[in-house]
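Right, one structure below, let's go through it.
The values are calculated or read from the model by the stated rules, or taken from the named source; none is laboratory data. Since we're looking at a predicted model, the values are computed, not measured. When we count neighbours, we look across all protein chains shown, and the Cβ atoms used for this are built from the backbone with ideal geometry, even at glycine.
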Amino acid sequence: MPLKILRISLIFVSLTGFFAIAVLLMPWKSAIEAYKLFGIDMPPTFEHPYMEYLTYLGAALSVFVGALYFMAGAWPKKYANLIVFLGWGLLFIGVVVLYHGLRLKLPPWPFYPDPIISFVFGVLILVCYRKVKDQLV
């Protein structure tokens, strides 16, 4: 059962990264409108070319990292050495987004899901890996 939970956790996290594919396929004006669907009203200064660049950079990185989680979930024996790194990486992301979300006084939605997912699945990945590591190597 821990191996199944480990694989499901890794695949779930990968899907959160793959959502950014939609951003990569959107023209910038559509991306701004998509933010509004989540209740995020972007100020006019956000429409600076560098902000557009950073948004697409972040989306590309999310897709890439999502692919790493997917590979580890699909083939845990092959990528066993990566799994601990991915678990700790998720906890690191959780600390960073929690700190900055609180510092910036962001509203609960859409802020809370990011640190919650990061902490819950980071811990799940590490705990389940510890229980099944002998099966993977």
The correct count of residues that are under 23 Å from residue 118 (Cα atoms), in contact (Cβ under 8 Å) with a residue 12 or more places away in the chain and surrounded by 13 or more Cβ atoms within 10 Å (Cβ to Cβ) in the range 35-65 is 8
Residue count, the range 81-103, condition without any contact (Cβ under 8 Å) to a residue 12 or more places away in the chain and farther than 20 Å from residue 61 by Cβ, comes to 3
Q | Residue in the range 24-35 that is in a helix (DSSP H, G or I) and modelled with pLDDT of 90 or more present | A | yes
Residue hits (the range 56-111; at pLDDT 95 or above, outside any helix (DSSP H, G or I) and not basic (Lys, Arg)) are 75, 76, 79
